[in-house]
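These notes are about the structure you will find just below.
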Amino acid sequence: MAKKTAKSVKAKMPKAAAEEAPESAPAEKEKAAADSAVATPVRKRSASRKAAVAAGSPSGGRLIVVESPAKAKTIEKYLEGKYEVVSTMGHVRDLPKDRFGIDIKRNFKPYWRVIPARAKLLKELRDRAAHMSEVLIATDPDREGEAIGYHVAEEIKSANIKRVEFHEITASAVRESLERPRQINQEKVDSQFARRILDRIVGYRLSPLLWKSVRSGLSAGRVQSVAVRLVCDREQKIRNFVPETYFRILLTLAPQGRPDESFVAEIFKIEGKRRRVKTREEADQIVGKSKAGPLTVQDFLETEREHHPAPPMVTSAFQQAAVNRLGMTARHAMVVAQQLYEGMNLGKFGRRGLITYHRTDSVRLAASAVSAARALIRENFGDAYLPTKPNFYKNKRAAQDAHEAIRPTDVALTPERISEYVNEEQLQVYRMIWEVFVACQMKSAVYDVRTAYVGVSDRTDFQFVARGESLRFDGHLKLTGIPKKEGYVPQMKKGDVLDLKEHKVEEKQTQPLPRFTEATLVRELEHRGIGRPSTYASILSTIVERGYVQKQAKELSPTELGEITNKLLIEHFPLVLDIDFTAGLEEKLDGVEEGAADWKKLLADFYKQFSKLYETAQESLKDKKKEITKPPIDVFCQSCGRPMVMRWSRYGKFLACSGYPECHSVRDIDESGGVFKVLDIEISPTPCPLCGSQVMSRRGPYGRFWACMTFPKCKYTRPITLGVACPKGCSGEVVRRRTKRGRFFYGCSSYPSCDFTSWLEPVAQKCPVCGGGFLVKSKAKGKNLIKCPNKECTHSVEVAVTAPA
């Protein structure tokens, strides 16, 4: 990895994070572009270029426009100066943030605005395009990339604009794509516009209703709200589940005269039917009859089972595997995949993209890629592992098949060959993609399966079964690893007498459906037709970041805020929360892209139904907040005696005086362990210097702080410091703050005059090695550490885990 410069590190520090805005639709592309590399989006002109621009004469050059600097750098390597490649750094236009931005009466006309941070960049692009013989838009090959390309074309207003797609970023793929330019696909653009406008309509109309009904700052989304509903519905099923007791009966048996060949059989059928043993008495009766014997083999089957390789990776399968196998979040896995797609410097192998485009729902593979995989399999594993014909996989019915499956761009670049040029996460993701791709063209593994049905020779009222598998041929498992198999059954034949060596009765209870994880929620979204490959990761991160869903030990469960919001939306906007309707809308949007549906008619049909619900909800939700915030029993304001009511902030619930705005008193609560507890007010030993009143701890959007008890009459506040002097040597101390996205960081109490920030928590201890003024808490390889922040100092001590403040 390239060494980070001081400038690049500073760019990632929390000062900027503290000013984060709520996520908007283009955030994923913006983030991917920003994370991909630290590079100049539009390079400075040479003297000759400046002269050409000043003279107003075209240079005759050719310009390629992409989204990210890393992608630009990789492509430019292949073109040897024949093209100039520039980056837009993500989206360049969007709907305005300060107003609705859609004229419903003028056939849903959107009012696109240049993103302020992109205005200067677009001006430079316009200047360059004016002096180019050809401008090629090479944004990502999906709907969002097509829309970015459309916006760029609209802004630079050049007559010689064409569109090219890079499904993989390799020298051959780039050159081939440049030979096949096309016009911007307006149907694909219309489909993306329709999605954006639908999301704006739902978000702009529903969110203010939630502000009035629950709390300010909430948001509703066309797809995110349905995802929250899935999580809430699953939680309700878990709560409603009534466990049933049943009993497992296990017999340890051996063929008569062969005591060393024991195996385990489990109760299978009772009275000829498969059912559970529901009482201890019934279990004891079956055990008693089994002991009385004689037990014999009533039937013995020998079959084979093929274990087929997994199909080539699509986005949903990739995200599930990254979550389950690598422990990543779906969103982070997509960021790493974007880096591999856009390319990196691989030393002696040159700069290149390592995988094909990673937002896809197709299992299709290029014939050349399959041939390369088969050659590698023959060379490394032998003909025994190579099928006679290439393995072919069918797409799901709704797959759009716009791109290939996710695969390595060059299968000869094994994970081992690139390991010294990529970081650990990139290597893990690449290895997973590489192995799945190669394995999908290998032979299936073959297991020998033995199944024995056991019972008392003259009885038919119950039967046991034992199954065992042994690997005959490892096939693709030779590459991906052989899973551990349990169960052994010796060679037997029908009628063989068995000795009962041991019996066991286990009391069990039926279990509810498990909570969703990120992996299983992605699978459910795909199965239900909610969202598309490019949106799964952002859906998951959004519902967690906005406080509707919480993640604990990888399990997703709704917060109380999420359940209240979900209930309100189902009651008043059943159309928006209807899972089948949302899936149907996704199909219609796909139809727009395919030219089979008109996007404006789609919007008009939706809005006709939605607007009726909206008008009704405006009236019915007027007094909903009073119902939701009814006061808990026996909790009263310590300042004025009025009852306290429940309120929500984006960081959790708290109690507020029902006399607001006359009284601003608030109390923190703790509901851990299912017990409701009102926390004591923390009083500072130092009184208010302005009015002499007590000073209490309050919670704000960026963390806790001290404030005068008489607020708002007296507006005195000061930060709660950690007792650590600012490392920059100013008069301030280190304080704990929170970004708008909820992540904690540490800054100087003298901000903005001092800009010190750190993600690591400082500790008020001098470094015993270098004498530095403070240490920091850190974590590495699962260990909690106290270490010196000085990179040249090696001091680091493992410490016990402590609860966060």
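Miscellaneous remarks
- Test result for residue 504, more than 30 Å from residue 556 (Cβ to Cβ), more than 36 Å from the chain's Cα centre (by Cα) and loosely packed, with under 12 Cβ neighbours inside 10 Å: no
- Apart from one condition, residue 451 fits all of (1) crowded, with 17+ Cβ neighbours inside 10 Å; (2) at pLDDT 95 or above; (3) over 28 Å from the mean Cα position of the chain (by Cα); the exception is (1).
- For residue 231: the one exception among (1) farther than 17 Å from residue 604 by Cα; (2) over 20 Å from the mean Cα position of the chain (by Cα): (2)
- Selected residue (only one of 319, 339, 298 is part of a strand (DSSP E or B) and farther than 22 Å from residue 390 by Cα): 298
- Of the residues making up region 502-542, those that are in a helix (DSSP H, G or I) and of a type in the set (Lys, Arg) number 2.
- Taking residues in region 332-353 that are closer than 12 Å to residue 420 by Cβ, and partners anywhere that are surrounded by fewer than 16 Cβ atoms within 10 Å (Cβ to Cβ) and of a type in the set (Lys, Arg), the pairs with Cβ atoms closer than 8 Å and at least 6 places apart or on different chains are 349/417.
- In region 108-145, the residue that is surrounded by the most Cβ atoms within 10 Å (Cβ to Cβ) out of those that are of a type outside the set (A, V, I, L, M, F, W, C) and modelled with pLDDT of 95 or more is 110.
- The conditions of being touching a helix residue (DSSP H, G or I) at 6+ places or on another chain (Cβ under 6 Å) and of a type in the set (Lys, Arg) are met by residue 351.
- Checking each residue in region 412-429 for being in contact (Cβ under 8 Å) with a residue 40 or more places away in the chain and over 22 Å from residue 361 (Cβ atoms) picks out 412, 413, 417, 418, 420, 421, 422, 423, 425, 426, 428.
- Per-region count, region 562-602, residues within 17 Å of residue 196 (Cβ to Cβ), of a type outside the set (A, V, I, L, M) and in contact with a helix residue (DSSP H, G or I) (Cβ under 6 Å, 6 or more places away or on another chain): 4
- Any hit, region 424-443, residues being more than 31 Å from the chain's Cα centre (by Cα) and either of a type outside the set (A, V, I, L, M, F, W, C) or assigned by TED's automatic domain parsing to the domain that holds residue 283 (or both): yes
- Yes/no for residue 482 being hydrophobic (A, V, I, L, M, F, W, C), over 19 Å from residue 407 (Cα atoms) and outside any strand (DSSP E or B): yes
- Subset tally (residues that are over 44 Å from the mean Cα position of the chain (by Cα) and either under 30 Å from residue 533 (Cα atoms) or surrounded by 13 or more Cβ atoms within 10 Å (Cβ to Cβ) (or both)) for region 268-293: 10
- Complete set of residues in region 237-280 that are charged (D, E, K, R), over 30 Å from residue 558 (Cβ atoms) and outside any strand (DSSP E or B): 258, 260, 261, 271, 274, 275, 276, 278, 280
Rundown of residues vs (1) on the phi < 0 side of the Ramachandran plot; (2) touching a residue at least 40 places away in the same chain (Cβ under 8 Å); (3) not aromatic (Phe, Trp, Tyr), yes/no style:
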position: 719; (1), (2), (3): yes, no, yes
position: 725; (1), (2), (3): yes, yes, yes
position: 730; (1), (2), (3): yes, no, yes
position: 735; (1), (2), (3): yes, no, yes
position: 756; (1), (2), (3): yes, no, no
position: 761; (1), (2), (3): yes, no, yes
position: 769; (1), (2), (3): yes, no, yes
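- Region 125-146, residues that are of a type in the set (A, V, I, L, M, F, W, C) and in contact with a strand residue (DSSP E or B) (Cβ under 9 Å, 6 or more places away or on another chain): 125, 129, 132, 135, 136, 137, 138
- Restricting region 146-172 to residues that are surrounded by fewer than 22 Cβ atoms within 10 Å (Cβ to Cβ) and of a type in the set (A, V, I, L, M) leaves a set whose member that is nearest to residue 197 (Cα to Cα) is 153.
- Hey, residue 564 over 23 Å from residue 620 (Cβ atoms) and out of contact with any Pro (no Cβ under 8 Å at 6 or more places or on another chain) or not: no
- Selection from region 555-600 of residues that are surrounded by 17 or more Cβ atoms within 10 Å (Cβ to Cβ) and without any contact (Cβ under 8 Å) to a residue 24 or more places away in the chain: 559, 588, 597
The values are calculated or read from the model by the stated rules, or taken from the named source; none is laboratory data. Only a predicted model underlies this, so the values are computations on that prediction, with no experimental measurement involved. Every residue, glycine as well, gets a Cβ built from its backbone with ideal geometry; the counts of neighbours run over all protein chains shown.
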